[in-house]
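Asker: Encoded as structure tokens, here's the structure I'll be asking about.
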Amino acid sequence: MNARIDKLQRQSAQNDGVVCLAGGLPSALQFPRRLLASAFVRATADLRGAALQYGWPEGIDPLREWIAGSLNARGLRLSPDEVIVTSGAQQAIAIAVRLSLARGQRIGVDPESYPAALDLFRTRGVHAAAHGRVHAHYVMPQVTNPRGAEMAHARRTELLASGLPIIEDDAYAELRFDGPPAPPLAVEGRAQVWHVGTFSKTLCPGLRLGWLVPPPRQLQRALRYKHDLDLQSNGLAQAIVSEFLRHDDFDARLVRLRRFYRHRCARLMAAVRRHLPSWRFDEPVGGFSLWLETGEALDDTDFLAEAMRHGVSFDPGRMFRPNQAGRPLALRLCYSLETADRLDQGVARLARAWDAFARRAARLPDHAARGPRVVRRRVSPRVRALRARSRRGGAAVDPLGPTVGVQAARRGRRARVQRGSRRLR
Ligand SMILES: Cc1ncc(COP(=O)(O)O)c(C=O)c1O
């Protein structure tokens, strides 16, 4: 993770005054706190103390049975013995990468992909690429992060036909707005697919529980490597979740979650259309986020710093790109964490930040722009037009908003920045 982005996001997380459109966190309103508390009591009541004892690397049987059952309902034919309970989907991806790729090899990813997976590939010396020859693929067929898109049928067929290992990350699959997900790739490609899932999005991430279904021939290697990593996933968390699942109607929970996030997504899309009508995005089929493209050759991390001064945070586009390019400026906005009203407020702030940011980029002569991070080559025609007008000192027609005099805009920006910086302190 880029150190500057990390620092800005930590600042935003510590400040309740900042509307957080970053992070991809589930809504805390949906954590079943009371039910988990009683599951904890039941799990720890057992006199043998099984929930507090060492366990096996593959995880506890009732949980593996539940996971196998839910995948079998989607068309797989698994025995619980083929499921490994992992410390989140992240560990499942790490095991799959370790056992299917060597350093220096290439893994195929979408043009935008899940940042922590991209970071993991880098750490392992595996090159992520959206094009060209690769040795394996990492995909999210049901709901991608960050776009919230689904994989086209032709792409599924092409991937399976390649015969290459596929890491199938189904983290958001159950959160498709239109209902239960389609069969996973593992149904057709059991011998090549490493299927990954998680309780982080549908229950809560703090318990750190996910799963891996490796290709059958890789199961023993995967178990040995899992044992090397951490002996076993947290036994108490497994016991709590398994108790919870025994009493909860999980399907009804999923129906509620889909409705909840669909509503939030609609609010965020409406706010973007209202406040930032020139930004482009595709409507997601599910998940937690929108992927927005501005088309401007401006630096995404500089814009994050500006947004923070206005009291709103987001995830800069470079985090999602395999080559980490910060331009053209794109960003991920998450609708999962904040309330619907705060989403509106956050986008209104973002629009003011964008106004100030684009205006400054347009106004500054090339040599005076804010340091090397403001990218000035390949400036778009709209920004060039703004520059020309503001140099003439007349009224500038802001392609991103209403007609504003340049002097008034400067004064307004100063006031907004001051208000924003007070909020952040
Ligand atoms: C696509 C995707 N895969 C995996 C993960 C990691 O999930 P976990 O918390 O289960 O490790 C995330 C978390 O944001 C994600 O977005």
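Asker: How many angstrom lie between the Cα centre of the stretch 301-317 and the Cα centre of the stretch 133-186?
Answerer: That distance is 30 Å.
Asker: Stokes-Einstein D for the stretch 33-247 at 20 °C, 1.002 mPa s, Kirkwood Rh over Cα pairs, in µm²/s?
Answerer: Answer, rounded: 122 µm²/s.
Asker: Amide H to amide H under 5 Å from THR198: which residues, 5+ apart in sequence or cross-chain, H placed 1.01 Å off N in plane?
Answerer: It is TRP211, by chain and number.
Asker: Then there's this: Based on the alpha carbon coordinates of the chain, what radius of gyration and maximum Cα-Cα distance (Dmax) apply, in Å?
Answerer: 23.4, 81
Asker: While we're on this one: Can you compute the helix-only [θ] at 222 nm over the chain? Use -39500 (n - 2.57) per DSSP H run of at least 4 residues, normalise by all residues, nearest 500 deg cm²/dmol.
Answerer: Counting only the DSSP helices, I get -14000 deg cm²/dmol.
Asker: Moving on to the next point. Can you give me the P(r) profile for the stretch 29-137? Cα pairs, bins 5 angstrom wide beginning at 0, each as a whole percent.
Answerer: For the stretch 29-137, the pair-distance distribution reads 2, 10, 13, 14, 15, 16, 14, 7, 5, 3, 1, 0.
Asker: Follow-up. So if I place +1 on the C-beta of Lys and Arg and -1 on the C-beta of Asp and Glu, and nothing else carries charge, what would the dipole magnitude of the stretch 33-247 be about its Cα centre? I want it in debye, nearest 20.
Answerer: Roughly 300 debye for the stretch 33-247.
Asker: Once Lys and Arg get +1 and Asp and Glu get -1 on their Cβ, which of ALA73, LEU223, VAL41 lies farthest toward the positive end of the dipole of the stretch 33-247?
Answerer: Value computed over the given set: LEU223.
We did not get these values from a lab; they are worked out from the coordinates using the rules stated. Remember, predicted model here, so these are calculated numbers, not experimental data. As a convention, Cβ positions derive from the backbone with ideal geometry for all residues, glycine included, and neighbour counts pool all protein chains shown.
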